[in-house]
Every structure is written in C-alpha cells, then in structure tokens.
1. Among the candidates GLU114, GLU167, which residue alone is among the acidic types (Asp, Glu), within 30 Å of ALA9 (Cα to Cα) and in contact with a Leu (Cβ under 9 Å, 6 or more places away or on another chain)?
2. Can you tell me which of ALA163, ALA135, ALA105, ALA168 is more than 24 Å from THR78 (Cβ to Cβ) and crowded, with 17+ Cβ neighbours inside 10 Å?
3. Being in a loop (DSSP other than H, G, I, E, B), farther than 30 Å from PRO42 by Cβ and of a type in the set (Lys, Arg) narrows it down to one residue among ARG226, ARG222; which is it?
4. Tell me the residue from ARG57, ARG39, ARG85 that is surrounded by fewer than 22 Cβ atoms within 10 Å (Cβ to Cβ) and either out of contact with any helix residue (DSSP H, G or I) (no Cβ under 8 Å at 6 or more places or on another chain) or farther than 30 Å from LEU266 by Cα (or both), please.
5. In the range 1-25, how many residues are over 23 Å from GLY152 (Cα atoms) and buried (at least 18 other Cβ atoms within 10 Å of the Cβ)?
6. Condition (residue is at pLDDT 95 or above, touching a Gly at 6+ places or on another chain (Cβ under 9 Å) and either among the hydroxyl-bearing types (Ser, Thr, Tyr) or over 27 Å from THR306 (Cα atoms) (or both)) applied to the range 190-206: is it met by at least one residue?
7. Please go through the range 195-219 and pick out each residue that is outside any helix (DSSP H, G or I) and surrounded by 16 or more Cβ atoms within 10 Å (Cβ to Cβ).
8. Within the range 175-188, take every residue that is in a helix (DSSP H, G or I) and open to solvent by 10 Å² or more (accessible area, probe 1.4 Å) and give me the one that is farthest from ALA245 (Cα to Cα).
Amino acid sequence: MTDRELEAAGVRDPALRAAYRHCRALNARHGKTYFLATRLLPIERRPAVHALYGFARWADDIVDDAPGAGPDTARRATVLAALRRCLDRGLREGASREPVVLALADTARRYGIEHALFGDFMAAMRADLTVTDYATYADLRGYMHGSAAVIGLQMLPVLGTVAPREEAAPYAAALGVAFQLSNFLRDVGEDLDRGRVYLPADLLAGHGVDRDLLRWSRDTGRHEPRITAALREFEALTRGVYRQAAPGLGMLHPVSRPCIRTAFVLYGGILDAVARDGYSVLHRRAVVRRRRRAAVAADGAVRAVTARLRARHPSRRLAVPRPLPAPAHGTVCAPPAKEAV
C-alpha cells in the first residue's frame, strides 16, 4: 500500500520515498485514530498527511515529560532548537538529512503550505518545555493556535476545498482545536503525571478545584464532585468548539470529507466515552469502544468510495450512505446532514 501511495503522489526519489515511509510508520504507531481516518483519503494525498503528522508527532515526543526546570528540560530545549534550525533550513532549501524534515519540506513545496505555520507550531512546542498550566481559556487558546489550529491550516491545502481557502480556514483551525481539547480531557491524569494541567485554572477554580485537589484524586483513586463538575464544564466547552468547526466539513473537497468526518466522529466520541465512564479521567483513560470505531470506519469507507466514484463520474447518480446515529451523549459527533458526503 505504501508504494502505491507514493507512486500515486508522484514521489519517486528513493531517499524521499524512504522519508515518507518513516513518517507513515510514526503515524501508524502513535496516532491510531487519525491514521485510520487517513486511510480514507485518495491514495495520492496520504503521503502529505503522513509527513505533516509525522513531524508533529516527532516534535511532540521531544518535549513530552519535560515541564519545569532541570537538566533534562535543558537537554530537550537544545534538541528542539536544533530541530527548529533543521526545519528552517529544510524548508528553505527543500532538502534535509533528517527524513521527517525532508518529507515535510517536500509536502510544503508541493502544496504551497505557509512556512510560518511550522514556526508557530515550534513555538508552542517550546512553550511545553516550561509552561505547566494556563490561567484562562484565552491563554490556552493562545497556546493551541500553535499546537493545534495550525495543524488544521497545514492540512487544508492537502485536503482541498470547494470554497475559497480563506473562508474554510477558520473552521479548519477550530477543528484542530476541538481535537486537541478532546485529548486534553481524556488525558487529564496522564498530563498531571507529566506536571501539566491544560484545563484553565479559572475554570477549575469556579468549581473549587486546583492542582492539589487533582493530585489528591489521582493519587487516592477517589472521586470528587467538584472535579466532576469542572470536567463536565470543560466537556461542554469542547462540544461548543466542535459545533463551531462542523460547517467547515462541507467546504472540503468531496473526496476528503469522509476522512475528516471520520476523525470528527471518532474524536468527538472521546467526549462521549469520558461522560459514559463517569468523568474518571484522573483514574483511567476513556476509550471509544471497538465496535463503535469499526462502525465509523466502515461508514467512512462507504462514503469514501462513493465520493471517488462521483468525482470520476459526476453525471452518475449514486446512493448516499445513511448518516450514523448519534452517540448517546453526543451532539457533536454527527455533522449536519447537508455536510455529509
């Protein structure tokens, strides 16, 4: 399958093919949800997505587990700075000895992706080395511009749009933020172990919650109603961002919509899993049930085939797949019918 993707994308240089394969392996290992969704894209677009997410995964791995001062943080800062220099040079010259940077530079050139977006991303990664919490949601949004919104903006030229790109851009950025907020809610306990609290301090304080109370709940395994109330508010906030992002699905090129719709449903399903598990994210990781994942993937596959056939035979009338039923708790998981492929 990898060779078919590379051939379809017109990637023939051996070093470049190896670089894209490396990025694909990173995504398959670390980003299971989005890797699954990427399989629904036309094969010629997949290598670019692997390059974008492979680079993001690589940089994120450098900064993980490193908040606060200390020799390890200093070492990671040095590695991250070296990566930034390598990135800048790779984007400028279109070449690099680092396979992930090589694939990324090639993708940026092919799709005309703004280099400033990668700089914003690297700035957010640098913040993760030392910033351990955020006072307000506005502060968190500032961080997420670089860590999540720019990922959506990087993806947009690869996915293609039926509306002007500048019109679709705010929705793509919002979707990147929605995905990350879902991860923040799911990973509260794991992030706390790394020394980070991404839930805004003012939101927590509104329910009488602080870092010490989160730590107590994590260490003792005991539930606290104030924490549950704070998590529920963060969930509601996240669902609101999904609603903001949803109209953008219909602005994507039809052959790309099944991929992003599948990711939309699966990431939104994280919120349902958290609620179903009683907001126990400080004690265990909530997961989307395997049967649900399979159903969403199957629906996405049917939509992808339908979209490609329509693209090849625009005059032929094809049956549209029936929309998925909404999850028990989820108003965000099923996009409006007019956006369905």
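The values are calculated or read from the model by the stated rules, or taken from the named source; none is laboratory data. Since the model is a prediction, treat every value here as computed from it, not as a measurement. Reconstructed Cβ throughout: ideal geometry from the backbone, glycine too, with neighbour counts over all protein chains shown. Heavy atoms of the whole protein, side chains included, go into the accessibility calculation; ligands, DNA and RNA do not. Shrake-Rupley method; radii C 1.70, N 1.55, O 1.52, S 1.80 Å.
1. Testing whether each residue is among the acidic types (Asp, Glu), within 30 Å of ALA9 (Cα to Cα) and in contact with a Leu (Cβ under 9 Å, 6 or more places away or on another chain) leaves just GLU114.
2. One residue alone meets the criteria, ALA168.
3. Of the residues listed, the single one that is in a loop (DSSP other than H, G, I, E, B), farther than 30 Å from PRO42 by Cβ and of a type in the set (Lys, Arg) is ARG222.
4. Going through ARG57, ARG39, ARG85 in turn, just one is surrounded by fewer than 22 Cβ atoms within 10 Å (Cβ to Cβ) and either out of contact with any helix residue (DSSP H, G or I) (no Cβ under 8 Å at 6 or more places or on another chain) or farther than 30 Å from LEU266 by Cα (or both): ARG85.
5. Residues meeting the conditions: 3.
6. Among the residues of the range 190-206, not one is at pLDDT 95 or above, touching a Gly at 6+ places or on another chain (Cβ under 9 Å) and either among the hydroxyl-bearing types (Ser, Thr, Tyr) or over 27 Å from THR306 (Cα atoms) (or both), which makes the answer no.
7. Across the range 195-219, the qualifying residues are ARG196, VAL197, TYR198, LEU199, PRO200, HIS207, VAL209.
8. Looking at residues that are in a helix (DSSP H, G or I) and open to solvent by 10 Å² or more (accessible area, probe 1.4 Å), I get VAL188.
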